[in-house]
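Only one structure is covered here, and it is reproduced in the block below.
All of the numbers you see were taken from the coordinates with simple rules; none came from a lab. These numbers come from a predicted model, not from an experiment. Positions of Cβ are backbone-derived with ideal geometry, glycine not excepted, and every protein chain shown enters the neighbour counts.
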Amino acid sequence: NVYSSQLGTYKGQKFTVKNTEIKKKDAFVYSTIASPDYPTTNIVWRVRDLSKGLKVIDMQVEGVSLLRTKRNDFKMVLDSQGIDGLIMALETMNQLPDLKIPGE
């Protein structure tokens, strides 16, 4: 899972849900992650009710959308290497293990 692998290195921080909001077909969960070593980070989770239940479809960290970032990454590969290059890149990404929390 893209999102869980991105969060795999967080440990010892305080996670707080600040607010929720429904916009059209999505719910937005406004949260923060506080750490004694770093400034508090604002995260907005975009959640959608899909046929298999609720799914996080995007997360914005300090206003930067992971979905938009990944989409731009894919577009760059598509533009430079074509559809075959994109398929190869996606297959390679799917072979990578999720990040593990150090010490576990």
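For the residue pairs Lys25/Lys70; Lys14/Lys55; Lys23/Lys75; Lys25/Lys52, alpha carbon separations beyond 24 Å are given by Lys23/Lys75. FRET efficiency for the pair Ile87 and Ile57, taken as 1/(1 + (r/R0)^6) with r the Cβ-Cβ distance and R0 = 22 Å, rounds to 0.50.
Of the peptides 16-22, 82-88, the ranking by mean beta-carbon count within 10 Å, highest at the top, reads 82-88, 16-22.
Ranking Trp45, Gln95, Leu78 by Cα position along the charge dipole of the stretch 44-100, where only Lys, Arg, Asp and Glu carry charges on their C-beta atoms, puts Trp45 farthest toward the positive end.
Charge dipole of the stretch 2-95 (Cα centre as origin; +1 on each Lys and Arg Cβ, -1 on each Asp and Glu Cβ, all else neutral): 420 debye, rounded to the nearest 20. When each of the peptides 36-42, 75-81, 56-62 is scored by the mean number of other C-beta atoms lying within 10 Å of its residues, the order from highest to lowest reads 56-62, 75-81, 36-42.
For the stretch 2-95, the calculated P(r), taken from all Cα-Cα distances in 5 Å bins from zero up to the bin holding the longest distance, is 3, 11, 16, 20, 16, 15, 11, 6, 2, 0 percent.
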